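Reading through the structure tokens given below for one structure.
A short reminder: the numbers here are calculations on the coordinates, not readings from a lab. The model shown is predicted, which means the values in this text are computed figures rather than measured ones. Positions of Cβ are backbone-derived with ideal geometry, glycine not excepted, and every protein chain shown enters the neighbour counts.
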Amino acid sequence: MRLSTIFIFLAIYPASAWCQVSGYVSSTVLSDANPLCNYQELSDQLLQNYLQLEYARAGATCHILMQYAGGLTLFKKFEPRNYLDHTVRIRYMVRPLPPNLSQGISEAVVENPPAELDTTGEDSSHAAAELEQPDSIEEQETPEYDPDTDTLFGAWEFALAAGARHDKAAFRDFDNSGGEFSLGYTFRIFDDLSLRLSNVISMRKYPHVEELSNVTENVLLRLECIPKNPLQWGVQCSAGLKFYIKSSYDTARYEPQQTYTYLPGKGKLGGIIKQPSGKLVLLDASATKSSQTTAQADLRYEMDKVHYTISLRYRYNPISTARRIVQNRSASLLTDDLYNEYFSHEGFEGALQVEGSFFWEIKAALNGEFQQKKYSTPAITLVYDELSDHRTDLFSTIGLQLSKSIAVFQNHDFDISFGVAVVRNQSNDEYNNYTGSHFSFGIGYEF
């Protein structure tokens, strides 16, 4: 049924539209000092394989993007932790045009297709410019209409996404699948400002840990300058709710705090043996929902060959209850922590990125990030004793990425990349207090 709907949509899409099919495949080797991100700091070598396929179709007033992205992560020593994750995303963007301009602009799109489409698949902060029309439109003497910034004719965006992660049996608790629907509208409010309003509803299901399955909704309002000058800025605020699908928890498998049984010892002296119950500890087990509001500001400055971006954000949780399983086996640093996602903590965050292109067209990206994470759940020792009423993490990382793209022939490039990064998570929770670093080398092919 879903495939039929897509084919019907493509069939009725305007024949004058321009389309593009592209893909990217890569393989990266990492030497990681602490890929499991925990206090043990055990090293391993990893192999990341990645595939991305895209179909983009653009007309005078609309743009559709279909994208598949999948990755296979292989560990050398910790082989049971190998996992596969993949995502499918469909985005549809439409910008109504004045009737007297629709025909002329449509013909210009067919005769002069855009050189490159933004197919990042992200919730872009530059949505007002995503449907940018070719220069030939301006040459047809229609200066009274700016397709990027017109106040009366804003841009709508609809998106659907579905994804899943698959782990081996030993770590099947990390298996999850989910879906997402988003709706956004961007319009110009002044000569150089645009306003974006979006709503995102998502669901994540853990088939083997049903207590963590949840539904979330986030509403975002963003004000930013239209990218016409070297200096660009934006501010945004958001509010979100998270509901747990299952209101109760399995008492045969979980308990809100570690309990023990006391057994008589053997031998002449007797004694008592203290033995853990064997159940997993589920903190805030009775929680049914949580909420979060955020405020963010970002600044970007573009020079001829160097771009600077700085971002500041603060998270606040009016309802600060979120379930958390005390980890005795961690997820990989390569993806977000599956259990302690952003609804679980509040605090200040900052990020800095410097990108540049240098000799021999080598591209460099220097990234730094800092996060202050304050959790509602307590800090725990390695034997499940409570250290503090609230877990607090100070996370920081800095990394450098160098890459070189070599043109094989038209629209086909071969990429080489090298990266290094250092990570520090200072936590009063013993399991999550760690340091890490990694070196990476990757090759990719774009077609």
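Calculate, for E369 and Q20, the FRET efficiency according to 1/(1 + (r/R0)^6) with r their C-beta to C-beta distance and R0 35 Å; round to the nearest 0.05. Please report the intermediate quantities before stating the final value.
Working: r = 33 Å, r/R0 = 0.94.
Approximately 0.60, to the nearest 0.05.
Distance from the Cα centre of region 291-308 to that of region 175-251, in angstrom?
18 Å
Any lysines with Cα under 18 Å of the K205 Cα? List them, leaving off those in the same chain fewer than 8 positions away.
Filter leaves K168, K242, K246, K289.
If I model a spin label as a point 7 Å beyond the Cα along the Cα-Cβ vector, how far apart are those points for L231 and E341 in nm?
Simple spin-label model gives 3.8 nm for this pair.
Give me the extension gain from W360 to F348: residue separation times 0.36 nm, minus the current Cα-Cα distance, reported in nm with one decimal.
So the chain would gain 0.5 nm between W360 and F348.
Using a 7 Å offset from the Cα along the Cα-to-Cβ direction at both F190 and V215, what is the distance between the two label points in nm, to one decimal?
4.0 nm
Where does each of F439, F395 land when they are ranked from fewest to most other beta-carbon atoms within 10 angstrom?
F439, F395
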